[in-house]
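Asks: Mind looking over this structure? Questions follow.
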Amino acid sequence: MGQSTHPLLFLLLLLALLAAPGAQCGQGTGGPTVSVSLNAIDDDLKSLLVVPPIGPWITVGFTEGEAAVDPGSFRATLTQWGQSPADISSHFMLVDEDRAVGLLTLTGLLPDGTYWLTIEVDDVTGVTGLGSLAFAVRDFQSAPPIGTGQTLWLDFESDRDGVPGADFAVDLESFGLASPSEPALSAVAHDWVVQAVLDRVREVYYMVDPIGFGISDWVDVLFMDSDPGGSDVTQICIGGADPSGQGVIGSILIDPQNGNKSSVECGTIPPTGIFPREMTVYGGQADYQTTFAGVLASLGGTPVGEHALDPIVIDPLFDPQSATAQEILRWDEVQLAITNFGNALGSIVAHERRGMPSASWPRARRVSDCTAARSASSSPTTSPPTASPRRARTT
């Protein structure tokens, strides 16, 4: 079998996974920037999403450049592969001067196929901004590949690198999230990271219907971080570096129509599974450096477990609401690193694809209750938020 995405990813299936970031022709000319989202899916997970014939809910946002946006110039074009483009501007409703929403199947069901949506909007001087998004439509006559029950065992305890002990524990040391000199505290942080990964994966698969139309969920999949036993369990090993030396973060053998529900994705040559250590490729990026600045020694931080306050803040019973300013600062450093790392790795697990890493390190996505008031005046896109408090591991 060739290497590609695993069928566990019904949201993405096993098409070519064309990258479809919003193109912005206004960039560089001062024109509007246009963003396009499908069914409220995060940008890092929206590559050629598969939707039922009822079609997707599209949200479009406009950001002015050097001149104000002209909402009346809004244009939407939908092209099915092999067909002529169709003007679908009438399917959208302008919510306000910088946002439009639309359901693409107001006049009927979409036939199976691959589609390309293009959004254009001008500013008052006539400069055009462009946004685009690819998606596919599939009408499953019976239950879809993982709509009949599938368990995914995310194995964080596998050992494939020849060094005694779980590979993932060593990975955490590479990101300042563990210290070999403090195994007890490192074990607590390990559990928090695993929970953050599971939270992110489950967030993707168990997302509440963003449209509010009561459409049933076709995905029936359970994610575990321990071996649940029984049948219909696919094991995915998480840990280590790519044994092939190609810098691949994830590689899963293709399994058409989820024919093998008990596959083992833990190979070395060819490599299969998830290889977190390859995420160091993002090391030169500002968001990565902000994430790990407090815990990575190479960035001037103190690894988890080695800071004088870690025995206090790395405690499941730690309460940020009653902590000192210094304890909050260290808590924020540790939780920011854990949350961002967990979100990034969880997104990779949920969106596994054969190939090199994406272009940028993901941003943080949660803000803790204890710092929400302090951060209210800061934009999440410029000030990295802190993690929500963690208490106990659940599966």
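Asks: Inside region 183-210, can you point out the residues that are among the charged types (D, E, K, R) and either closer than 20 Å to residue 291 by Cβ or at pLDDT 95 or above (or both)?
Replies: Result: 191, 199, 200, 203.
Asks: Could you tell me whether any residue of region 249-260 is more than 30 Å from residue 149 (Cβ to Cβ) and free of Cβ contacts under 8 Å to residues at least 40 places away in the same chain?
Replies: No, every residue in region 249-260 fails to be more than 30 Å from residue 149 (Cβ to Cβ) and free of Cβ contacts under 8 Å to residues at least 40 places away in the same chain.
Asks: Taking strands (runs of 3 or more DSSP E) that do not extend beyond region 63-137, which have at least 1 residues that are in contact (Cβ under 8 Å) with a residue 24 or more places away in the chain, of a type in the set (S, T, N, Q) and in the same structural domain as residue 33 (by TED's automatic domain parsing)?
Replies: 69-80, 113-123, 128-137
Asks: Can you tell me which residue among 302, 290 is β-branched (Val, Ile, Thr) and in contact with a Gly (Cβ under 8 Å, 6 or more places away or on another chain)?
Replies: 302
Asks: Residues in region 316-335 that are of a type in the set (Phe, Trp, Tyr) and assigned to a helix (DSSP H, G or I): how many?
Replies: 1
Asks: Shifting gears a bit: Looking for whichever is in a helix (DSSP H, G or I), modelled with pLDDT of 95 or more and under 24 Å from residue 169 (Cα atoms) here; the options are 348, 338. Which one fits?
Replies: From the options 348, 338, the qualifying one is 338.
Asks: Taking the condition more than 17 Å from residue 346 (Cα to Cα) and not in a strand (DSSP E or B), does residue 304 pass?
Replies: So residue 304 passes the test.
The values are calculated or read from the model by the stated rules, or taken from the named source; none is laboratory data. Remember, predicted model here, so these are calculated numbers, not experimental data. So basically every Cβ, Gly included, is an ideal-geometry build from the backbone, and we count neighbours across all protein chains shown.
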